[in-house]
1. Of all the residues that make up the stretch 50-83, how many are open to solvent by 10 Å² or more (accessible area, probe 1.4 Å) and either over 21 Å from Asp7 (Cβ atoms) or charged (D, E, K, R) (or both)?
2. Suppose we keep only residues that are hydrophobic (A, V, I, L, M, F, W, C) and within 14 Å of the chain's Cα centre (by Cα) within the stretch 40-54. Which one would you say is modelled with the lowest pLDDT?
3. Out of everything in the stretch 1-13 that is more than 21 Å from Ala61 (Cβ to Cβ) and of a type outside the set (Asp, Glu), what residue ends up being modelled with the lowest pLDDT?
4. Would you check if Arg16 is at pLDDT below 95 and at positive phi?
5. For the structure I just gave you, tell me whether Leu71 is touching a helix residue (DSSP H, G or I) at 6+ places or on another chain (Cβ under 6 Å), in contact (Cβ under 8 Å) with a residue 40 or more places away in the chain and of a type outside the set (Asp, Glu).
6. Asp32 fails exactly one of the following numbered conditions: (1) at pLDDT 90 or above; (2) among the acidic types (Asp, Glu); (3) over 16 Å from Glu168 (Cβ atoms). What is the number of that condition?
7. For the condition within 22 Å of Glu183 (Cβ to Cβ), of a type in the set (S, T, N, Q) and modelled with pLDDT of 90 or more, what is the one hit in Gln84, Gln24?
Amino acid sequence: MAGSGLDTDTLIDRARGGDDSARQQLLARHRDRLRRMVAVRMDRRLAPRMDPSDIVQDVLADADRELSDFLRRRPAPFYPWLRQLAWDRLIEVHRRHVRAGKRSVKREEPGLLDLPDESALVLADRLLDRGHSPSNHAVREETRRRVRAAIALLPDRDREVLVLRHLEQLTTAQTASVLGITESAVKARHVRALDRLERQLQGGEEDQS
C-alpha cells in the first residue's frame, strides 16, 4: 500500500487534506495495539460471547465516524484518543454484560475494570523479567505468585501505571495523555510503583499516600 511506512503525524496531515488512503491507514495501523489493550482489560466472563477483535472492530467503526471531528479539533494525540474510544466501548460492554445497572463512565478510572487473572500473571512475568528472575521452576513459580499478590496490594493508580507501561506497552507520553498527568509525573509514579512493589515483596510497611 502506498505510503504505508509514513508516521502518524504525516498520515494525519494527509487525512486532513482529504486523502482517504491515509485516513484508512491511520485507523488500521493501531489495530494490533488496540486488540492488546482490550485483551488485557476484558473480563474473561465475556469470552463465550465475544472476542477482543470484535470490540476492536466496533471501536474502529466508531473512530471512522468521529475521525473528521478529531482531525479538525486534535483534542489529544492520536493513539490516546483512539484508545479512549476503546476504553469507552469496553466499559459499555462490561456494563451491559457484567455490571448492568451501574452508572456510565466516560473517562479513564483506574481500578474500574478489575485486571483479569491472566493479565495479572503476564504483568508479574514481565516485572520478574526486569531483574534476575530465578531459573529454578519451583522457585520462579513461588516468586511469580508473590509478585502477583504484591501487585494486587498496590494502590490503584500505581498498579494502573504498571499496566499501561508494561502490559499495554505505552510510551511515557502516551501514558501521560491517558492518565491526564505530565510525563514527569508518569515517571515519578512508575518509579514509586516499582519501589512499593519491591517493599511489598520484602514484607515491609506500605505507605499508601
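The values are calculated or read from the model by the stated rules, or taken from the named source; none is laboratory data. Everything numeric here is computed off the predicted structure, so don't read it as measured data. Glycine gets a Cβ as well: all are built from the backbone with ideal geometry, and neighbour counts include every protein chain shown. Keep in mind that these areas ignore ligands, DNA and RNA; they rest on the heavy atoms of the full protein, side chains included. Shrake-Rupley method; radii C 1.70, N 1.55, O 1.52, S 1.80 Å.
1. Selection size over the stretch 50-83: 16.
2. Residue satisfying both the conditions and the ranking: Met42.
3. Ranking the qualifying residues of the stretch 1-13, first place goes to Ala2.
4. When the stated conditions are applied, Arg16 does not pass them.
5. yes
6. The single condition Asp32 does not satisfy is (3).
7. Matching residue, one of Gln84, Gln24: Gln84.
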